[in-house]
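Student: I'd like to ask you about the structure that follows.
The values are calculated or read from the model by the stated rules, or taken from the named source; none is laboratory data. In this text the structure is predicted, and so the values were computed from the model without any measurement. Counting neighbours? That spans all protein chains shown, and the Cβs are built from the backbone with ideal geometry, glycine included. Each accessible area value is taken on the protein alone, full model and side chains, heavy atoms only, with ligands, DNA and RNA left out. Shrake-Rupley method; radii C 1.70, N 1.55, O 1.52, S 1.80 Å.
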Amino acid sequence: MADDKRRNKKVPGKGGNGRGQRSNGKPASSDKIDALDAFREDGTDERLTTDQAVPINDDQNTLKAGPRGPSLLEDFIFREKITHFDHERIPERVVHARGAAAHGVFRVYEPLGRLTRAAFLQDPAKTTPVFVRFSTVAGSRGSTDLARDVRGFAVKFYTDEGNFDLVGNNIPVFFIQDAVKFPDLIHAVKPEPHHEMPQAASAHDTFWDFISLMPESMHMIMWVMSDRAIPRSLRMMEGFGVHTFRLVNERGEARFVKFHWKPLLGVHSVLWDEALKISGKDPDFHRRDLWEAIETGAFPEWELGLQMIEEKDEHAFDFDLLDPTKIVPEELVPVQRVGRLTLDRNPDNFFAETEQVAFHPGHVVPGIDFTDDPLLQGRLFSYTDTQLLRLGGPNFHEIPINRPVAPVHNNQRDGLMRQAISVSRAAYHPNSIGGGCPVQVGRRDGGFVSHPVPVNAPKVRQRSEKFFDHFSQATLFWMSQSDPEKDHIVSALQFELGKLERPAIRERMVGMLTLVDETLATRVGEGLGVTPRRPDGPLNLSVPADADPKAHQPHRPKKPTRPSPALSMAGTVKDTAKSRKVAILAADGVDDAAVATMSRLLTAAGAVPKVIAPRLGTLKGARSGAVKVDMSLATVGSVLFDAVYVPGGAPSIAALRQDGAAVLFVHEAYKHCKALAATGAGTELLPEARSTDEAIVVGEDTQVAKIAPDFLRAIGRHRNWAREAAGKRIPV
Ligand code: HEM
């Protein structure tokens, strides 16, 4: 019996090795996991049957008229198997098709009754099960994880009062202000319609054509061209609800709220050069990283943050709170950390859970409510509509992963694939036959009541005046970045715009950038052979037919005077090597004692060492010990690791110096600004200029334990960006 099968079968809710379990022996996320148990199917030690439970005797041959004869239509076993196979695929999501998910729990730190009556935010002793799906937006289901793109960050809370979905992204703003432009945006960014290229990439003409005519997207463009769009790990990204929502307390008092997720491991990214190479070496890099972290007990964690704004302050800002292209700077309204999300269990079946899960920003519980953000309002329609097609009918809420843990009773009936057997004869209300059940629920007993926001306005297709400042926050983002982050934005724009076939779009975009920052535009233009020119015509072509285009042009921006440090990744958590992957580069004759010591110290600090060698198997150690190889150089590259250690052992180093893949491995790690360590002869494999580099740690053969703390600190700092200029000179 396979190990994981046995685990699944014997232990309710899996987690058979004890990871992520509560003291009662169940995984922390067990409420929903227990509910899913009823639907788990496991063939281990079972007989093979048809879907009708008829035992199958021969699953190898179709029924034929004689050994060489034609197949017979009568073969119900064959027909059932093939018919099911023929129908195995469902449409992928129209956006966010590529994703990975995990189960977990959420726990609030303190009761939040003052702010909201949502039950799951009241009791620090209570854990709420969650299912979280991360995704890219533009690519197909099979596309690379490392696309330059926004990452979806969708959290389903299975609360006692029903499901609450916080369907957010890892970027706090969006491209467009009004949902009516969403199909245009997505048509522009998806592969071009004539030849379906490029896959999972925005570096093409239709995307930048659209963007260059939509100045409202400029703030988002700054984020998407920054390193935020190429995360090191899904575990190292922030999350944002993007829109302004409302929290409503028991007394019916409402406040505006912005939701944040703050990763405890900090916010870290890869370099674009790494992203390109990882896409080849391991296009499942993020998915695998999430999976392995959870399997090995390094549970990803985030804190839920709230930015609270009193109703009376609705108009106190330069921007409109309803505008999803704007942030509320954390320096203006601090983020209060109110609870913790922990992902502690991988799904058992990708299709049943990750693919069939249906998120919806309209899934809210009492105490959480919407605002009139016109992007949010459109989303409230879109998700159910698309899921009706994607999941094949109106009963997808009955799919196990979508079922609330709270009971569901209503007068909705029938439809394709209905699971529930409703026994009541009265599927209507009011009724007397069913005793008036199911009964409506008073507000005090937990019934959902929409916050009574007054609306008295003419019906118009317009936007609020403040929506038309499209550049101030784009400039704020740019000026808040550290120098390396600015360099990466410039390179990203040069890459993206350099791929365009139409020079006019490139020039228009560089012109648009002058309105964000002149230096930015000049630097981007330099790499493109474009002299930046301030646009002279109308900037915004997203204008109604009979409207005066002048009325729809961006307002003169209020140039920010001070940066917002919270927008830069430079100040993020940089003090832990936990779950970082470290390659130990070795060949026959390696100093096996050094390998053992460094492995032990890295593991003790929560890092994940792997021995990489020119071949698989076991290496002969210099001191008669043997070293097991985890991966061969043929299958990996240093882009898949956070740091590299080269132990001594003269024969090992002599062999590695002759091996181009090994030399490239170290040089690429150097170029990508990663922590490097070497002892004894291992130092010979390192690039020059190491004495001045704070992320290169060297020592004698006997000094492994002495240098390990410095190495771990360098890993914790993530990258030594100061090395970037030197790294660029290395031709790899
Ligand atoms: C702030 C803006 C937005 C954010 C943060 C956002 C976020 C997300 C996320 C995270 C998903 C993936 C859900 C999953 O993992 O299954 C998703 C899917 C989707 N989004 Fe959005 N989205 C935004 C805007 C919009 C708009 C304006 C529309 C349409 C008007 C839209 C339509 C969709 C659709 C159709 C899906 C696929 C849902 C499915 O097939 O299950 N989104 N969105």
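Student: Figure the gain on full extension for E311 and E253 (residue separation times 0.36 nm, minus the Cα-Cα span) and round it to one decimal in nm.
Tutor: Full extension of this stretch gives 20.0 nm more.
Student: Separate question: With Cβ to Cβ distances under 9 Å as the rule, what net charge do the other residues near R255 carry (K, R +1; D, E -1)?
Tutor: -2
Student: Can you tell me the length gained on complete extension of the stretch H194 to L388, counting 0.36 nm per residue apart and subtracting the Cα distance?
Tutor: That pair, H194 and L388, stretches by 67.0 nm at full extension.
Student: On to the next question. Pull up the DSSP beta bridges for the chain and report the antiparallel fraction as a percent, rounded to 5.
Tutor: Counting only bridges with both partners in the chain, antiparallel ones make up about 75 percent.
Student: If Lys and Arg each add +1 and Asp and Glu each add -1, what is the summed charge of the other residues whose beta carbon sits under 9 Å from the beta carbon of T679?
Tutor: Neighbourhood net charge equals -3.
Student: As I understand it, the dipole of region 576-732 uses +1 on the Cβ of Lys and Arg and -1 on the Cβ of Asp and Glu, about the Cα centre. Which of I707, T618, F641 lies farthest toward its positive end?
Tutor: Comparing the listed Cα positions along the dipole, F641 ranks first.
Student: Right, here's the next one. At a Förster radius of 60 Å, what calculated FRET efficiency corresponds to the Cβ-Cβ distance of A545 and S71, to the nearest 0.05?
Tutor: Taking R0 as 60 Å, the efficiency between A545 and S71 is 0.45.
Student: Could I ask something else about it? Hand me the chymotrypsin sites (Phe, Trp or Tyr not before Pro) from region 435-540 located in a DSSP loop with no more than 14 other Cβ atoms within 10 Å, in residue order please.
Tutor: Within region 435-540, the qualifying chymotrypsin sites (Phe, Trp or Tyr not before Pro) (loop, at most 14 other Cβ atoms within 10 Å) are F448.
Student: Using label points projected 7 Å from each Cα along Cα→Cβ, tell me how many nm separate R623 and I186, to one decimal.
Tutor: 6.0
Student: Next question, about the same structure. Accessible area of the chain with a 1.4 Å probe: how many percent of it is carbon plus sulfur?
Tutor: Taking all protein chains in place, the chain shows 54 percent carbon and sulfur surface.
Student: Could you give the dipole magnitude of the chain about its Cα centre, charging the beta-carbon of Lys and Arg +1 and that of Asp and Glu -1, in debye to the nearest 20?
Tutor: 820
Student: Specify which residue in the list A138, W302, N411 is farthest towards the positive end of the charge dipole of the chain, using unit charges on the beta carbon of Lys, Arg (+1) and Asp, Glu (-1), about the Cα centre.
Tutor: With unit charges placed on the Cβ atoms, the residue in question is W302.
Student: So, in nm, how far is label N431 from label A406 when the simple model puts each one 7 Å beyond its Cα toward the Cβ?
Tutor: Going from the N431 label point to the A406 one covers 2.2 nm.
Student: Which whole-number percentage describes the relative contact order of the chain, with Cα contacts under 8 Å and a sequence gap of 6 or more?
Tutor: Relative contact order, the chain: 11 percent.
Student: OK, next. Once you put a point 7 Å from the Cα of A725 and another 7 Å from the Cα of R444, both along the Cβ direction, what distance in nm separates them?
Tutor: In this crude spin-label approximation the distance works out to 7.1 nm.
Student: How would you classify the chain from its alpha-carbon gyration tensor, with a ≥ b ≥ c the square roots of the eigenvalues: rounded for a/c under 1.5, else prolate if a/b is greater than b/c, otherwise oblate?
Tutor: The shape class here is oblate.
Student: So what is the 222 nm mean residue ellipticity for the chain from helices alone, if each DSSP H run of at least 4 adds -39500 (n - 2.57) and you divide by all residues, rounding to the nearest 500 deg cm²/dmol?
Tutor: -7500 deg cm²/dmol
Student: May I ask you to evaluate 6.51 cos²θ - 1.76 cosθ + 1.60, the Karplus curve with θ = phi - 60°, for each residue of region 281-291 and list the ³J(HN,Hα) values in order in whole Hz, giving x for glycine and proline?
Tutor: With coefficients 6.51, -1.76 and 1.60, one gets 6, 7, x, 9, 3, 6, 4, 5, 4, 5, 4 Hz.
Student: For region 540-572, list residues with backbone N below 17 Å from a point placed 7 Å from the Cα of E465 toward its Cβ?
Tutor: It comes to 550-558, nothing else.
Student: While we're looking at this one, here's another question. Of the peptides 541-553, 215-227, how do they stack up when ordered by the mean number of other Cβ atoms within 10 Å, highest first?
Tutor: Most protected by this proxy first, the peptides run 215-227, 541-553.
Student: Give me the net charge of V180's neighbourhood, meaning all other residues with Cβ under 12 Å from the Cβ of V180; Lys, Arg count +1, Asp, Glu -1.
Tutor: So the surrounding residues net to +2.
Student: Report the relative contact order of region 166-250, percent, no decimals, based on alpha-carbon pairs under 8 angstrom and at least 6 residues apart.
Tutor: 45 percent.
Student: Okay, next question. What accessible area per residue, rounded to a whole number of Å², is obtained for region 27-77 using a probe radius of 1.4 Å?
Tutor: 73
Student: Given the pairs K671/K706; K486/K671; K578/K628, which are separated by over 21 angstrom at their Cα positions?
Tutor: K671/K706; K578/K628
Student: Still on this structure, please answer the following. Dipole of region 430-580, Cα-centred, from +1 at each Lys and Arg C-beta and -1 at each Asp and Glu C-beta, to the nearest 20 debye?
Tutor: Magnitude of the dipole: close to 340 debye.
Student: I've got another one for you. What is the calculated FRET efficiency for M631 to L48, with r their C-beta to C-beta distance and R₀ = 22 Å, to the nearest 0.05?
Tutor: Approximately 0.05, to the nearest 0.05.
Student: Tabulate in residue order the Karplus-calculated ³J(HN,Hα) for region 90-95, using 6.51 cos²θ - 1.76 cosθ + 1.60 with θ = phi - 60°, rounded to whole Hz; enter x for Gly and Pro.
Tutor: 10, x, 6, 4, 5, 9
Student: Which whole-Hz ³J(HN,Hα) couplings does region 495-501 yield from phi under the Karplus relation 6.51 cos²θ - 1.76 cosθ + 1.60, θ = phi - 60°, glycine and proline marked x?
Tutor: 5, 4, 6, x, 7, 6, 8
Student: If I stretch the segment between Q122 and V423 completely, what's the gain in nm (0.36 nm per residue apart, minus their alpha carbon distance), one decimal?
Tutor: Contour length minus Cα-Cα distance gives 104.9 nm.
Student: Further question on the same structure: Quote the charge dipole size of region 156-201 about the Cα centre in Debye, to the nearest 20; the model charges only the Cβ of Lys and Arg (+1) and of Asp and Glu (-1).
Tutor: I would put it at about 140 debye.
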